[in-house]
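One structure is given here, and the rest of the page talks about it.
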Amino acid sequence: MGIRRSSYVCLPCRVSYKQGYEHGPEHRCPRCAQPMTGVGTAFQPPRRRDAEGWRVLSVLLHAGIRFHARGCCGEGSGYRPRTLSEVKARVAYARRTGEPLAKALVRPVV
């Protein structure tokens, strides 16, 4: 088993990089030099031109949701919404039921 590499994103630049944990606690974007956000080892970034995908990602990251592999076999990180309509439905559900937003966002069915 090799070194686990975590993904880091820069939301303004819409870029993602995989880096090992040995790079230190702070990762900076090579394009704008701003601090990047660690998103986990099971992350698949949207394409750079996919504005909706990056907006959804921004909502998830601001809610504290990350993409870490689960289980012993490196399974995916579980359900994550991919469209703004899915995000809006889960935000409405959270408001209606009082469930925390982070929990409502990763719920597969609302």
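The table below gives the values:
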{"quantity": "Residues with amide H under 5 Å from that of G40, placed H, sequence gap 5 or more", "calculated": "S7, F67"}
{"quantity": "Net lengthening on full extension, H62/E26 (0.36 nm per residue, minus Cα-Cα)", "calculated": "11.2 nm"}
{"quantity": "Spin-label pair L84/D50, simplified geometry with 7 Å Cα→Cβ offset, distance in nm", "calculated": "1.6"}
{"quantity": "Backbone HN-Hα couplings from phi across region 59-70 [Karplus 6.51/-1.76/1.60, Hz, Gly and Pro as x]", "calculated": "4, 4, 5, 5, 7, x, 8, 10, 10, 9, 5, 10"}
{"quantity": "5 angstrom amide H check on V15, placed H, neighbours 5+ away", "calculated": "C10"}
{"quantity": "In order through region 26-36: 3J(HN,Hα) via Karplus (6.51 cos²θ - 1.76 cosθ + 1.60), integer Hz, x for Gly, Pro", "calculated": "10, 10, 10, 5, x, 8, 10, 6, 7, x, 9"}
{"quantity": "Solvent-accessible area of R48 with every protein chain in place, 1.4 Å probe, in Å² to the nearest 10", "calculated": "120"}
{"quantity": "Under the Karplus curve 6.51 cos²θ - 1.76 cosθ + 1.60, θ = phi - 60°, whole-Hz ³J(HN,Hα) for region 37-45, x wherever Gly or Pro sits", "calculated": "9, x, 10, x, 8, 9, 8, 10, x"}
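The values are calculated or read from the model by the stated rules, or taken from the named source; none is laboratory data. Computed from a predicted structure; not experimentally measured. When we count neighbours, we look across all protein chains shown, and the Cβ atoms used for this are built from the backbone with ideal geometry, even at glycine. Accessible surface is based on the protein model in full, side chains and every heavy atom, while ligands, DNA and RNA are left aside. Shrake-Rupley method; radii C 1.70, N 1.55, O 1.52, S 1.80 Å.
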